[in-house]
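Below you'll find the structure, written out as structure tokens, and then a few comments.
The values are calculated or read from the model by the stated rules, or taken from the named source; none is laboratory data. Bear in mind the structure is a predicted one, so any value in this text is a computation, not a measurement. Glycine also receives a Cβ, built like all others from the backbone with ideal geometry; neighbour counts cover every protein chain displayed. Surface areas here come from the heavy atoms of the whole protein model, side chains and all, with no ligands, DNA or RNA. Shrake-Rupley method; radii C 1.70, N 1.55, O 1.52, S 1.80 Å.
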Amino acid sequence: MDIAELYTTAELAQIKLEDSEVESLGGEVSQMVAYFKKMMEVSVDALEPTTHAFIKKNRLRPDTFHPSTLADDILEQSPDLEDRFICIPNVL
Amino acid sequence: MRYPTKYDSFVGLEIHVQLTTESKIFCGCRNRFGDEPNTNVCPVCMGLPGSLPSLNQEAMSKAYLVAKALHCDLADTCLFERKNYFYPDLPKNYQISQFAKPLGTNGWIDIVVDGVTKRVRIHECHLEEDAGKMIHAGDMSLVDYNRTGTPLLEIVTEPDLNLGEEAEILIHELRRIVRYLGVSDGNMDEGSMRCDANVSVNTKGAGLGRKVEVKNLNSSRFVRLSLNYEIDRQTEILEDGGTVVQETRLWNENRDQTIVMRSKENANDYRYFPEPDLPPFRTTPEFLADLETRIVELPLDRRVRLVSTLGISQTQAEVIGEEKANADYFEKVLEYGADGPTVATWMTGDVQKLLNRTGQSAAESPLTPERFAELLTLMAEGKIHGKIAKTILELVFEKNKNPRVIMAEQGLEQMNDSGELAKLVSQVLVDNPVAVEQIKAGDTKPMGFLMGQVMKASGGRAEPGMVQKMLKEHLG
Ligand SMILES: [Zn+2]
């Protein structure tokens, strides 16, 4: 794998990459990509493309709302609150 | 556009429409504007580990309905994908959206620009989840996730528009469409409709130029202003022999100009991939049949029909056709046999004034379509004339009774008994000898005064035509 591509991928995933990690990780990622290459060799011409192997029917939910009973518990996980707002460093 | 013979300008819009549903698109949290921050949140829309999305069928129906109204090809299979990016208003670090297989493609919308119909192609419509809301306060930002995961329909047009004014008209027309369909309130102030645009300018006949994106357009007025600003800015650059930089700019409403938005180099690499937690959606015959029952005559078609078949003016059609409920009300009055132009004149005039005063819509006011028609019938039958009709109209609002009943109770029926009228006329002539002398001497000016005196003596009920005739007989 191209080292520049590895850095780009890490940046997109917001992962900090130490130079020392580049070599070993680069090798591992190359191995994974190579496996996809192998899968690409299989002929799928006769198959209908799908993203799911077994769900053939629509899965739909009726439009009804339920009280959000976990809202307060979720908010409690936040390190910094102002009233019910979650506070974060300014990102603008 | 400053040099219309030298350059072409192209504008495309990406319009986001919030769909009105009870619950969010992938979870059962309430979809409602204005609640206390972070009250409508759950593990699914907050992206907590182990939670799974499940698709709201009503969101799907409403999204397909808009695509149908915009004459799109409806996908028989559409797919949700993950759009990956990091921003604090997006708790999962990806937005569930549609990419390779959107639900609608290849549509169009007609708009009317200076009386001429212009067809703007729709590239696609796709359904996605909305992000949360952030308030920037100094070195802090405050996040509210109530809006996270609410259903959002994105409508992308081809760059078929040429000026800011056209973009503004398109937004207004789309707003009417989504309101007619009952899928969104289309309220830009509350963010239910939001807009991004792309603009390019090029030498005449050379096709699209380098595209600049303009963001942060939260009113239709800003859309017009920012696009025209941007067209002029790009034209000036070309005129000076320069090249337009492909970039994203923000509309700054305080400075009335667009400014460059700094963006990271890789920011647009969203690495879309199919959402493994949601199977593809396939339309069924029942689903499509349901859409047929929900589709309505579109606002522009309706305005055109009101003008061409009912003979009302373009302006009246615009006022009456703005909201579906009003147009329905109007046509309901006509079903009781009233005449289109007369109803339109009253509806956009005196009735509208009263509605403004009471803050009601026509449909919820005491003036039912049946009463409206009855009032006009009383006039047509010669039982009342215009001024009394206005009085009765006000009393309908006040007393919530039928016009005929009010006319009888208040003794407002027109006086057209010639014997009674003759008495009134004679009395007025006796009481005003000076005016009578003047008229006899050849000065007809006091005629109007005498007329007024007779009307006054009859409590406004005398039939004006008869009074005039009698006065002339006496003085002619
Ligand atoms: Zn939720």
In region B:353-407, GluC sites (Glu not before Pro) in a DSSP loop with at most 16 other beta-carbon atoms within 10 Å: B:381
Cut-off 20 Å, label 7 Å out along Cα→Cβ of residue B:110, residues of region B:314-336 by amide N: B:314-324, B:327-328
Accessible area of residue B:270 in the full protein assembly, 1.4 Å probe (Å², nearest 10): 60 Å²
Computed accessible area, residue B:469, all protein chains, 1.4 angstrom probe, square angstrom: 140 Å²
Rg over Rh, two decimals, the protein assembly as shown (C-alpha only, Kirkwood Rh): 1.14
Label-point separation in nm, residue B:423 to residue B:401, each point 7 Å along Cα→Cβ: 2.5 nm
Alpha-carbon centroid distance for the pair region A:21-56 / region B:79-126, whole angstrom: 29 Å
Cα gyration tensor shape of chain A, rounded if a/c is under 1.5, else prolate or oblate by comparing a/b with b/c: oblate
Under the Debye formula (equal points on every Cα, no solvent term), log10 I(q)/I(0) of region B:297-410 at q = 0.15, 0.19 Å⁻¹: -0.61, -0.95
Helix-only CD estimate at 222 nm, as mean residue ellipticity for chain B, using -39500 (n - 2.57) per DSSP H run (n ≥ 4): -12000 deg cm²/dmol
Nitroxide proxy distance, nm - points 7 Å out along Cα→Cβ at residue A:78 and residue B:236: 4.2 nm
Whichever aspartates and glutamates have a C-alpha closer than 17 Å to that of residue B:390, once near sequence neighbours (fewer than 8 apart) are set aside: B:350, B:370, B:374, B:381, B:398, B:409, B:413, B:463
Efficiency of FRET between residue B:432 and residue B:342 - r from beta-carbon atoms, R0 41 angstrom, step 0.05: 0.70
Accessible area of residue A:48 in the full protein assembly, 1.4 Å probe (Å², nearest 10): 140 Å²
Spin-label pair residue B:118/residue B:277, simplified geometry with 7 Å Cα→Cβ offset, distance in nm: 4.3 nm
Share antiparallel - DSSP beta bridges, region B:184-289, percent rounded to 5: 75 percent
Modelled label reach - residue B:363, point 7 Å along Cα→Cβ, region B:143-183 residues with backbone N closer than 16 Å: B:176-183
Residues whose placed amide H lies under 5 Å from that of residue B:275, excluding near-sequence neighbours: B:80, B:81, B:82
Straight-distance crosslink candidates among lysines, where the alpha carbon sits under 17 Å from residue B:6 and sequence neighbours closer than 8 are dropped: B:204
Solvent-accessible ranking of B:82, B:175, largest area first, probe 1.4 Å: B:175, B:82
Cross-link reach list, lysines versus residue B:324, counting only Cα pairs under 19 Å and skipping chain neighbours closer than eight places: B:62, B:68, B:332
Förster-model FRET efficiency, 56 Å R0, residue B:261 and residue B:409, C-beta, rounded to 0.05: 0.25
